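The structure appears right after this line, and notes come after that.
FYI, it's all coordinate maths here, none of it is from the lab. Quick caveat: nothing in here was measured; it's all calculated off a predicted structure. Here Cβ is always computed from backbone atoms with ideal geometry, including for glycine, and neighbour counts include all displayed protein chains.
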Amino acid sequence: MRRLHQAIGSGRAPGGVAALVALAGLVFAAGQAGAAPRLTARAALVMDAASGETIWARNPDDPLPPASTTKILTAILALESGRLDERFAVSEFAAETAPSKINLRPGQRMQLRDLVYAVLLNSANDAAEVVAEGLAGSQAAFAARMNEKARAIGATHTHFANPHGLTASGHVASARDLALIFRYGMRLPLFREMLETRRVEVPLEGTGIHLVSLHSHNRLLTGYSYPVIGKTGYTRPARRCFVGAATHDGREIIIALLGASDLWGDARRLFAYGFGAAAERPSVVMAGMLPMPSVLARRAAPEEDDDAAEARAVSRFAVQLGPYPTRRSARAVRARLARRGYTAMLTGRTLRLGSFSSEGRARRLAGRLRLTGYRPIVVGLPEG
């Protein structure tokens, strides 16, 4: 990409690249529409949640200490374990994990579902350790699972050594990787539900059963222009960190911040910039359009001029879900949709619903799907 920018700037862009210039302008025009946000963070990224495209970034691939944003992946592994109703025992090692904790004691037991609430809302390190030991037997074994899952999601500049994010040698993540992991987590309905929770009481078993009060550390969950779900983090080496998402005017964006001193100010500036940039972007995505990295990968053998493809007239509109991690997971979603009375066509790892003559009808279907936890986008179907 740097070479492409240099070639464009010098007026020596090769003919094979010429078609990409307009497309690059389309993808990044929004990010150039206004002045870049002024931040205190060492690294930051704004991502379109539907497409996964980067809207704006600063040092997005720098591996930095992520503090408790680590717990996003801890929660994902727990939510996908199929063991949410099991009760896990607190070990002495877990009980001694400090400093952010809900003061669990050795021998107490808590349901995994409730432990995840404690991990995401209170950022409880002791609860995160119980999750790790309960699911994998040890911190090291769980960290290995975390790294395997991170690679599967596409996080390539990340390495986890523990489930909570306390400072450890080699425990790092990049802003881009954390945004990718968070985007993956948002596909899990319970992940969203938990992060949307302000306060909750959960039972803890000991000599008896008593309730533990949990509350979110996310200051932007309420009282902001739009509700923001997300996970905070702080250690001295990492400074202040945050990964979160918000929806405005039918668009959802994800932000990731690492190493900030003015965390909430930075977060507000990124959301304001991201939604301002999104407003400049096309409201309908052409079906089959590739994110910029994929387009660049095809540069050597461009069977079709991307400018020409994007310019083809839109005659119909549809609603798209995905792409999902695998075709199998896409088929599972299609089966769930069928039980709700929706017919979806499987194309690769994406699902497409409907064929409408107006964008408005497609958007109404997308709105209904969004209310049930899906993240649809409206796509234009070209003629021919």
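What the table below lists for this structure:
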| quantity | calculated |
| --- | --- |
| Positive-pole candidate from His248, His171, Leu220, dipole of the stretch 122-255, charges at beta carbon | His248 |
| Charge dipole (the stretch 313-382, unit charges on Cβ, about Cα centre) - positive-most of Leu365, Gly354, Thr343 | Thr343 |
| Cβ-derived FRET efficiency at R0 51 Å, Arg105 paired with His248, nearest 0.05 | 0.75 |
| Residue-wise HN-Hα coupling along the stretch 167-177, computed from phi with Karplus coefficients 6.51, -1.76, 1.60 (Hz; x: Gly, Pro) | 4, 8, 4, x, 8, 9, 8, 9, 4, 5, 4 |
| Total charge dipole magnitude, the stretch 313-382, about the Cα centre, Cβ charges on Lys, Arg, Asp, Glu only, Debye to nearest 20 | 300 |
| Computed magnitude of the charge dipole of the stretch 67-279 (debye, nearest 20; Cβ of K, R +1, Cβ of D, E -1) | 500 |
| For the stretch 67-279: rounded, prolate or oblate by the Cα gyration tensor [a/c cutoff 1.5] | prolate |
| Net charge dipole size for the stretch 154-216 [Lys, Arg +1 and Asp, Glu -1 on Cβ; Debye, nearest 20] | 280 |
| Shape parameters for the stretch 313-382, alpha-carbon atoms, Rg then Dmax in Å | 11.5, 34 |
| Per-peptide average of other Cβ atoms within 10 Å, ordering 331-337, 203-209 highest first | 331-337, 203-209 |
| Distance in nm between pseudo-label sites at Ala335 and Arg219 (7 Å out along the Cβ direction from Cα) | 4.6 |
